Every structure is written in C-alpha cells, then in structure tokens.
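J.: Dumping the structure here so I can ask a few things about it.
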Amino acid sequence: MHTTAAAIERALQLKEGLEPGMTELQQDEDRLRMLKEAIDSLPISAGITISNLDGKIVYANDAECEMHGYQPGELLGRDARILAPPPGGPPAPRLDPARIGLWKRECLNVRKDGAEFPVQLTSTPIRSAGGRCLGVITASEDITHRKDCERRIEHLAYYDTTTHLPNRTLLMDRLHQALALARRERRTLALLFLDLDNFKDLNNTRGHEVGDKFLQEVARRLSGAVCGSDTLARLGGDEFVVVVNSEEKAAAAVAERLQALFGEPFLIDGEEIYGSTSIGIALYPGDGCDVETLFRCADAAMYQAKSHGKGGYQFFSREMNQSNMRRVALENGMRQGLARGEFFLHYQPQWELENSTTTGAEALLRWESAEFGTVCPDEFIPIAESSGFIFELGEMVLREACLMAAGWGEACRDLKVAVNISGRQFRQPDFLQTVARIVAETGVRPSSLELEFTESVIMERADNNIDSLQALKRMGVRLSIDDFGTGYSSLNYLKHFPIDAIKIDRSFIAEVTNGDDAAIADAIISMAHSLKLRVVAEGVENAAQLDFLSERRCDEAQGYYFARPMPAPDFKAFLRERVGEGARPPGGQLAKGSSRPR
Ligand code: C2E
Ligand code: MG
Ligand code: MG
C-alpha cells in the first residue's frame, strides 16, 4: 500500500507547469487525462478510482473493477457510493473542496453481486496547478485475507480451541467489565464455577479424543442454556465458568438448569456417556468485590459441593474459606506424609454371628500427621481422590493389607482382609493388573483378600463394571458392596454382579431397633439372602442391635461392640489369642445359640 500511495503521489506531481494558451478547464482535463495514463502505466495491483466533486466515478482501473465484480469501464459515470454498503444508498453529497485532505481508513465495500468485503482505502485530493480541488483519487486494497488472519489470531488469543468458548483471558476481561457495570448500576452478579465430575477418569480410560468430544458436547449444551447477556467460558481442563447478572435465587435457578443439562447421556462415537457437574457459586458484592476474591470463593464452594456428593451446587460461605485453605494444605502435605511413613493401617475385626468366630478384618487407613495431627479418612480420602494421590495411597494400602494376610498361618486360612477401593482406583485402566501384581508379589492367597466397593461406585456405569468384577472374581478375590443402602442399587445389576457380600451402612444399624431403619435392614438382609449374598452389618455398637441382627439371620457384624479398629501388632495379637481356640468376641463367653457377647 505504501508503494501504491507513493506511485500515486508521483503521478499527481507529473505536471506542475501550465501549458501556455490553454483554458483552465482544458488544463484541468489535461491534468486528469495525464493522471489516468500515468496510473494505467504504473505496475500497481491496488484498485484506483477517481471521482469528481459530484461523487461520480470518472476513472476506475481494471483492478478496481475486478475487485468489485464489474466489467472494465462499467463503473464510469456511476455514483462512488455504489462501492460502499448499503448498495444503492443515497447519492454521495457534493464534496466540499475545503474539507478534502489525505485520509486512510478500513471499511466494508460491496461487490456487484451484493457480497461485502473489507478494504483499506487511501484517498487524496487532486488539485489543479492553481490549487483548486478537482476530485478525489482513491486506492483500495482488498484486505479479506489480512482480516481473516487477524480474526484467527484474535480467536486463538481469546477463545479456547477445543470448545470455541471464551478462554480465561477473555473471561477475565469480561468479568472486569461486568463488575464495573454492576458496581455503577448497583446490581448483583453471580459467578458460577463448574467442574465436571470424574472427567479425569474419562480421559484416562477412554483417551483424550473422547475426552475432547465430551467437552465439546458439554460446551454445546451449556451454550444453549445461558442467555446472551451472560458469559460462558472454559477455564481449561474440565472447568467452566458462567457469569450471570443475578441475585442468589436466580443464580440457584441457573445452577439447577445447568445441572439438568447432564440428565441425558452424551452420545460420543455412538456410545452413551453419563456426566455430571459440581457447581460453586460466589455472589458480588456479598462474597467479594474483585475478580480474584470471587474466583477463590466460587472455587471453595465448588469443592464443598463435590464433597457433598457429585452433581450438586453450593453457595460460598465464610467458613469455606478456612476449610478450603485446610484442604489445599492437606493436599500438599499428603505426599510428604506418605514419604515420612505417617500413613498406616488399622484393622477392625469382623464376626460371624452364627458361630461367633472372627472372619477377618477390614483394613482402615490412618494418617497421623506431624503437621496436622490425626486426620480422619473421611476428610483425607476425598482429597486424595480429587488430587489423584489415591492411586499411590491405595496401592500402599493394598500392599500392606495383603502382606498382613500373607503372614497369617494355616489356622487363619479362611480369614480375609477387606480393603476399601475408591471409585478412582477402580476406574484406573490398570487397576486389574495392579491387584494381580500385588497379589503375586505379596504371596497372599487371593481368597484371603476382599475388595470393598461402595454402592455408588459399583452402580455407576454398571455395565462396564461387570467385566472388571468378573476378572477380579477369576483371580479368586472376594468382592463386597460397602455402605449399602446409601446409594441407588439396581436389583437387576445386583443379580448379575459376581459379588460375595453386601455391608449394610452403619447409619441404618444405628437406628435399627426402631421404626423405618429396622424395616430397611430387614429388607436388605432378606433381599441379599434371596440373591445368595452374605450380609455384614457395619457399626454395631450395642447388644440390642446385635440381637436384632442375629434374629434376622444377618451373617456377619463389625463394630465397636466387638472391637475398635486396632494397629497391626494388636490385631496380630488378637488373632493369636483367638484363632485356633474358637475365636470369641472380646465381650466374653457366648451363650449357646446366641451370638451376643456378655
Ligand atoms: P467404611 O469403609 O464404611 O469403614 C467403616 C468405618 O466405620 C470406619 O471409619 C470405622 O472406624 C467405622 N466404624 C466401625 N465400627 C463402628 C461403630 O461401631 N460405630 C461407628 N460410629 N463407627 C464405626 P473410618 O476408619 O473413619 O473410615 C471411614 C471411611 O473412610 C471408610 O468407611 C472408608 O470409606 C474410608 N476409608 C478408610 N480407609 C480407606 C482406604 O484405605 N481406602 C479407601 N478408599 N477408603 C478408606
Ligand atoms: Mg469399608
Ligand atoms: Mg462402610
């Protein structure tokens, strides 16, 4: 464009001297003619037009005609406005010679067929030798390609390449603007922080291609559900943000609407994939007045939502700030804790009610942290799950428990050690190999190992789980469903799962001697027996509960009434004392026909 402008500049200077004996008009026409000839002879690719003071085109080179879809010569005598949208707009006003100067601008031009395209225009006045303005010469350059590149670069900078949603940079920009506006107009604003549940597992088990398609589908559904004035962005990974101009009640309604989008499975490569999202919500101005604070609050609320079970939403509260800080500190402290040997197992005996013998123990993980003191598993297991540290921790638990059982003598050959397996461990693609490797390395009898899966873990994607459970069964390992009654179980799956036992959740046992919980425990025992499964009651704390369970022919029990979880040396001593001499609950001698310790 610079070379074009320079060439025109030269052409304009072609004839400064006046031919003697010529009228002013002749001189003007002569000047224009020479100018056109000069332009035609110049090697320039830009379109050039000359328009007179009435706005009529008096010259257009071939490049200009071609660029706008006209035949050579077709533009002559037409209003210059024909080249600018809207086509056929009002005729150009007569140019004011006094106001014409050199100008440059980017704008849209229109082709003969009506298609618009971006151009860069450079115009400069043509003056007579005496300085009068004769018209305007304009060079136009089609900048479609450059604009496309600019758009692409902008897209890369501000939009996420997988989902094409605004990225973190654009979100921050919009959020700052939205906050400034809300402040000025004294309005509220809600920031919803979405984190997809179990997305990392989907990525690990099905591969990144499926993961990306899932994210794209999620983005498509979310886009359809937020209105134009709201901002939807992908922060990265499995995190999305929605900013809405709403107060608390409306924000809750938005969260519910977004979660409802996950009600239907996502069809990816012909396969149905189920998903859910946990949402944390922070409100402006209640929770914070700046972008960083609102993000921190929404993030803390999101973690809280996750810890209450997947697929829920939670508003931020002050207490969360502290619990979030603790969560981060625990997450960071865990790795060091494992290296320092702060994690170890306790064993809680399980009892067969009919013969009052011990059937083995459940291995329960403990963390005695130098920094945090005793941290209970209900707090650190979910954190280890969400950070992925559960893989290392879970492998250590499995190895320790297997080593313990491998050390039992012949007298204990029918005993088992039960190990809790978290959802993420089970969904690891190499979970089966890990179990097989640890069984082989520790030399434990596979039938001495029982793996406990919670009801929700085993029922989620139940179809896929059957194969894995059958493979474990073929290894000779025992399987049980933990915390039964707290989730949703399909009886149809229960019938087909190759499991050995179900453990009634301790919340039902706590109230088993009255009302509804008695009926539930009763129903679970009957149902399990009809499916030929053993039933273990968890959390038995008193004689009345034990009596109830014995009457209902519950097979096994575990709870403080019999024994609290104990360190490995104590459990070994416990076994030495009891196995072989007719193991009895520590409560004392058993009455004949009764399993109640006295
Ligand atoms: P769970 O698998 O249902 O384990 C039983 C829990 O009940 C244990 O809590 C145990 O100490 C407690 N308990 C036993 N008897 C009684 C009783 O009579 N009354 C009451 N109130 N509680 C009783 P704990 O050790 O705090 O473990 C809590 C949960 O943490 C476990 O529940 C399990 O889900 C998880 N967990 C523990 N160790 C591991 C592990 O190694 N891996 C995984 N993935 N999860 C673990
Ligand atoms: Mg358990
Ligand atoms: Mg349990």
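J.: Considering only the stretch 365-387, I want to know if a residue exists there that is open to solvent by less than 20 Å² (accessible area, probe 1.4 Å) and β-branched (Val, Ile, Thr).
T.: Looking for residues that are open to solvent by less than 20 Å² (accessible area, probe 1.4 Å) and β-branched (Val, Ile, Thr), one finds at least one in the stretch 365-387, hence yes.
J.: Filter the stretch 142-153 down to the residues that are assigned to a helix (DSSP H, G or I) and either of a type in the set (A, V, I, L, M) or surrounded by fewer than 13 Cβ atoms within 10 Å (Cβ to Cβ) (or both) and list them by number.
T.: Thr144, His145, Asp148, Cys149, Glu150, Arg151, Arg152, Ile153
J.: Quick one: which of Ala260, Ala251 is surrounded by 17 or more Cβ atoms within 10 Å (Cβ to Cβ) and of a type in the set (Gly, Ala, Ser)? Steps first, please.
T.: Working: Ala260 fails: surrounded by 17 or more Cβ atoms within 10 Å (Cβ to Cβ).
Residue meeting the stated conditions: Ala251.
J.: On to the next question. Quick test of your reading of the structure: Thr359 fulfils all but one of (1) assigned to a helix (DSSP H, G or I); (2) over 30 Å from the mean Cα position of the chain (by Cα); (3) more than 9 Å from ligand 1 (Cβ to nearest atom). Name the failing condition by number.
T.: The number of the failed condition is (1).
J.: Here's a follow-up. Go through the stretch 498-521 and count every residue that is over 16 Å from Glu455 (Cβ atoms), within 39 Å of the chain's Cα centre (by Cα) and either within 14 Å of ligand 1 (Cβ to nearest atom) or not assigned by TED's automatic domain parsing to the domain that holds Ala361 (or both).
T.: 1
J.: Looking at His529 and the list (1) open to solvent by less than 10 Å² (accessible area, probe 1.4 Å); (2) more than 16 Å from ligand 2 (Cβ to nearest atom), which single condition is not satisfied?
T.: (1)
J.: Let me ask something additional. Among (1) more than 16 Å from ligand 3 (Cβ to nearest atom); (2) within 24 Å of Ile504 (Cα to Cα), where does Arg437 come up short?
T.: All conditions pass for Arg437, except number (2).
J.: Can you confirm whether Lys306 is open to solvent by 70 Å² or more (accessible area, probe 1.4 Å) and in the same structural domain as Asp195 (by TED's automatic domain parsing)?
T.: No.
J.: Also, quick follow-up: Any idea which of Asp269, Asp238 is over 17 Å from the mean Cα position of the chain (by Cα) and acidic (Asp, Glu)?
T.: Asp269
J.: If you don't mind, there's one more thing I want to ask. Is there any pair linking a residue in the stretch 476-488 that is touching a residue at least 40 places away in the same chain (Cβ under 8 Å) and within 15 Å of Val536 (Cα to Cα) to one that is within 13 Å of ligand 2 (Cβ to nearest atom) and among the aromatic types (Phe, Trp, Tyr), with Cβ under 8 Å and at least six apart or on different chains, and which?
T.: Listed pairs, sorted by first residue: Ser480/Phe453; Asp482/Phe453.
J.: List the helices (runs of 4 or more DSSP H) inside the stretch 388-455, counting only whole elements, that have at least 3 residues being open to solvent by 20 Å² or more (accessible area, probe 1.4 Å) and more than 23 Å from Met334 (Cα to Cα).
T.: Helices (runs of 4 or more DSSP H) meeting the threshold: 431-442.
J.: Same structure again: Using the structure shown, decide if Leu469 is in contact with a Phe, Trp or Tyr (Cβ under 9 Å, 6 or more places away or on another chain), free of Cβ contacts under 8 Å to residues at least 40 places away in the same chain, more than 16 Å from ligand 2 (Cβ to nearest atom) and under 17 Å from Val435 (Cβ atoms).
T.: yes
J.: Tell me which residues, restricted to the stretch 41-57, are modelled with pLDDT of 85 or more, surrounded by fewer than 19 Cβ atoms within 10 Å (Cβ to Cβ) and outside any loop (DSSP other than H, G, I, E, B).
T.: The answer is Asn52, Lys56.
J.: Then there is this: State whether the residues of the stretch 522-530 include one that is away from ligand 3 (no atom under 16 Å from the Cβ), more than 41 Å from the chain's Cα centre (by Cα), assigned by TED's automatic domain parsing to the domain that holds Asp483 and charged (D, E, K, R).
T.: yes
J.: Separate question: Tell me the residue from Leu345, Leu283, Leu267 that is under 24 Å from Lys213 (Cα atoms) and not in a helix (DSSP H, G or I), please.
T.: Going through Leu345, Leu283, Leu267 in turn, just one is under 24 Å from Lys213 (Cα atoms) and not in a helix (DSSP H, G or I): Leu267.
J.: Going through the stretch 211-232 one residue at a time, which ones are farther than 14 Å from Arg427 by Cβ, open to solvent by less than 60 Å² (accessible area, probe 1.4 Å), under 15 Å from the mean Cα position of the chain (by Cα) and not acidic (Asp, Glu)?
T.: Across the stretch 211-232, the qualifying residues are Phe214, Leu215, Val218, Ala219, Arg221, Leu222, Ser223, Leu232.
J.: To continue, here is another question. Of the residues Leu134, Leu156, Leu121, which single one is hydrophobic (A, V, I, L, M, F, W, C) and either assigned by TED's automatic domain parsing to the domain that holds Glu239 or surrounded by fewer than 18 Cβ atoms within 10 Å (Cβ to Cβ) (or both)?
T.: Of Leu134, Leu156, Leu121, the one residue that is hydrophobic (A, V, I, L, M, F, W, C) and either assigned by TED's automatic domain parsing to the domain that holds Glu239 or surrounded by fewer than 18 Cβ atoms within 10 Å (Cβ to Cβ) (or both) is Leu156.
J.: Could you tell me whether any residue of the stretch 512-526 is touching a helix residue (DSSP H, G or I) at 6+ places or on another chain (Cβ under 9 Å) and under 25 Å from Leu398 (Cβ atoms)?
T.: no
J.: Considering every residue within the stretch 392-411, establish whether at least one is more than 16 Å from ligand 3 (Cβ to nearest atom), without any contact (Cβ under 8 Å) to a residue 24 or more places away in the chain and under 21 Å from Ala339 (Cβ atoms).
T.: no
J.: If you don't mind, there's one more thing I want to ask. Could you tell me whether the stretch 481-497 includes any residue that is within 13 Å of ligand 1 (Cβ to nearest atom), among the basic types (Lys, Arg), within 30 Å of Asp430 (Cβ to Cβ) and under 38 Å from the mean Cα position of the chain (by Cα)?
T.: No, the stretch 481-497 contains no residue that is within 13 Å of ligand 1 (Cβ to nearest atom), among the basic types (Lys, Arg), within 30 Å of Asp430 (Cβ to Cβ) and under 38 Å from the mean Cα position of the chain (by Cα).
J.: For the structure I just gave you, tell me whether Asp570 is under 30 Å from Gly407 (Cα atoms) and away from ligand 3 (no atom under 16 Å from the Cβ).
T.: yes
J.: Give the residues of the stretch 236-264 that are part of a loop (DSSP other than H, G, I, E, B), in contact (Cβ under 8 Å) with a residue 24 or more places away in the chain and at negative phi, sorted by residue number.
T.: Once the filter is applied, which keeps residues that are part of a loop (DSSP other than H, G, I, E, B), in contact (Cβ under 8 Å) with a residue 24 or more places away in the chain and at negative phi, the stretch 236-264 yields Asp238, Asn245, Ser246, Glu247, Leu261, Phe262.
The values are calculated or read from the model by the stated rules, or taken from the named source; none is laboratory data. Note that the coordinates shown come from a computational prediction; the quantities given were computed from them, not determined experimentally. All Cβ positions, glycine included, derive from the backbone under ideal geometry; neighbour counts span all protein chains shown. Accessible surface is based on the protein model in full, side chains and every heavy atom, while ligands, DNA and RNA are left aside. Shrake-Rupley method; radii C 1.70, N 1.55, O 1.52, S 1.80 Å.
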